[in-house]
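Nothing in this text is a laboratory measurement; each read-out follows from the coordinates by a stated rule. Note that the coordinates shown come from a computational prediction; the quantities given were computed from them, not determined experimentally. In this analysis, Cβ positions are derived from the backbone assuming ideal geometry, glycine residues included, and neighbour counts consider all displayed protein chains.
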Amino acid sequence: MSRPTQAVINLAALQNNIDKIKQCVPSQKIMAVVKANAYGHGASEIAKALAPAVQAFAVCSLEEALGLRQAGIQLPILLLEGFFDPKELPEIVQQGCEIVVHSPEQVAVLRHYSQPLPSLWIKVDTGMHRLGFSVETLPTVYQQLQDLLVKRRLFSHLACADDLDSEITFEQIARFKKLVQTYNLEASLANSAGILGWPTTHWDWVRPGIMLYGASPILGTVAYQHHLQPVMTLRSTLISIKYYRQGDSIGYGASWQCPKDTRIGIVAIGYADGYPRHAPVGTPVLVNGQRVPLVGRVSMDMITVDLRKVPEAQVHDPVVLWGEGLAVEEVANSAGTIAYQLLSGITSRVKRIVVNCPEACC
Ligand SMILES: Cc1ncc(COP(=O)(O)O)c(C=O)c1O
């Protein structure tokens with residue numbers, strides 16, 4: 001029998017989540033963000049399943065876009081950081097991709113490029129202070145790009161929309177609103193948090209990522225509170241059960257000692273699968289559907305759990321690390337990280353099993 005470590009990808013949950021998005025934005029166009037292998041879920045399968053329900057996809061690079069094209073995806077694909085090298089431009093156009101333009105260097109290349117150009121999304125820095133043109137330089141950039149006679153749209157990204165009281169978000173919305181009024185172009189601002197928590201960010205196109213995959217984009221909340229369902233369930237099994245005496249230490253560094261005589265379960269999942277190495281003692285794990293605490297350090301291929309609360313547990317019994325029954329947000333919180341990192345960090349040695357596949361999908 002091969003290693004039992006699997007990421008089960010539930011396309012019925014994906015459908016539930018896209019339905020939820022459509023309830024929030026019934027008149028907007030949806031650009032599904034499937035970068036980073038669809039946040040670790042498998043970009044081809046996710047994009048094929050979403051294609052009937054969305055108007056475009058967004059990825060990080062041309063390589064990611066090519067993967068979608070090879071999978072038969074025909075919808076427009078936006079490259080969120082545009083081109084990294086001008087040599088990419090012919091293929092970007094040939095593949096029907098669109099690009100974000102965020103830097104003067106990119107504008108200079110586009111202005112001197114004599115071949116057909118892709119559609120452009122002009123990225124404005126409304127307060128994120130990462131990529132994008134400042135509001136002050138936008139008129140010049142707009143003018144320079146106007147000569148190119150290609151379709152242009154406005155684009156910006158929210159820095160703090162996960163915090164529903166964020167002043168910065170109010171300021172970003174106000175700045176973006178002015179720009180949309182001035183330039184009268186199609187516009188896109190909202191990520192998942194914008195879609196769920198900030199109706200005035202919706203404009204023409206929304207760009208959901210994390211909520212598609214069934215994790216909450218809003219601080220201090222978990223997915224089910226927003227009627228989202230986890231698409232990925234990371235699961236494995238108990239591969240060994242041991243009894244240790246009070247005071248015995250467990251695993252690397254002997255960092256945890258049994259407070260009493262303890263039944264310890266060893267689970268086939270580790271940091272080389274994407275389980276967070278820094279998950280502390282007490283991080284919840286489901287054994288036979290019941291919560292038990294992680295104990296000792298996370299190893300490359302294994303973790304250890306305290307089985308005192310599940311005395312009936314046996315070798316081969318099912319273990320869930322996150323997903324159905326255990327919110328990835330909770331595991332992320334415990335490990336001092338975010339659901340995005342856990343989901344997108346699943347490594348290639350974890351088998352992906354797609355379930356509840358609609359007929360048109362696989
Ligand atoms: C530009 C841009 N738009 C949208 C998204 C989707 O964000 P979220 O996953 O929070 O919905 C991302 C993700 O990082 C992004 O970089």
Scope segment 159-172; condition within 23 Å of the chain's Cα centre (by Cα) and part of a helix (DSSP H, G or I); matching residues: Ile168, Thr169, Gln172
Cβ pairs under 6 Å, 6+ apart, first in segment 267-282 and of a type in the set (Lys, Arg), second surrounded by 17 or more Cβ atoms within 10 Å (Cβ to Cβ): Arg277/Tyr271; Arg277/Val298
Which listed residue is surrounded by fewer than 20 Cβ atoms within 10 Å (Cβ to Cβ), free of Cβ contacts under 8 Å to residues at least 24 places away in the same chain and within 16 Å of the ligand (Cβ to nearest atom), from Gly220, Gly247: Gly220
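Does segment 93-112 hold any residues that are closer than 16 Å to Lys123 by Cβ, touching a residue at least 24 places away in the same chain (Cβ under 8 Å) and of a type in the set (A, V, I, L, M), and which are they?
Across segment 93-112, the qualifying residues are Val100, Val101, Val107, Val109, Leu110.
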Subset of segment 182-195 that is near the ligand (Cβ under 9 Å from one of its atoms) and either assigned to a helix (DSSP H, G or I) or of a type outside the set (A, V, I, L, M) (or both) - its residue that is farthest from the chain's Cα centre (by Cα): Ser188
Selection from segment 137-181 of residues that are hydroxyl-bearing (Ser, Thr, Tyr), within 16 Å of the ligand (Cβ to nearest atom) and closer than 21 Å to Asp204 by Cβ: Ser156, Thr169
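Out of Leu131, Leu110, I need the residue that is buried (at least 16 other Cβ atoms within 10 Å of the Cβ) and in a helix (DSSP H, G or I). Which one?
Numbers: Leu131 fails: in a helix (DSSP H, G or I).
That would be Leu110, the only listed residue that is buried (at least 16 other Cβ atoms within 10 Å of the Cβ) and in a helix (DSSP H, G or I).
Criterion first (within 16 Å of the ligand (Cβ to nearest atom), more than 26 Å from the chain's Cα centre (by Cα) and of a type outside the set (A, V, I, L, M)) does Gln94 satisfy it?
On the way: within 16 Å of the ligand (Cβ to nearest atom): no; more than 26 Å from the chain's Cα centre (by Cα): yes; of a type outside the set (A, V, I, L, M): yes.
Criteria not met by Gln94.
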In segment 196-217, residue farthest from the ligand (Cβ to nearest atom) [restricted to those that are of a type in the set (Phe, Trp, Tyr) and under 15 Å from Ile18 (Cα atoms)]: Trp205
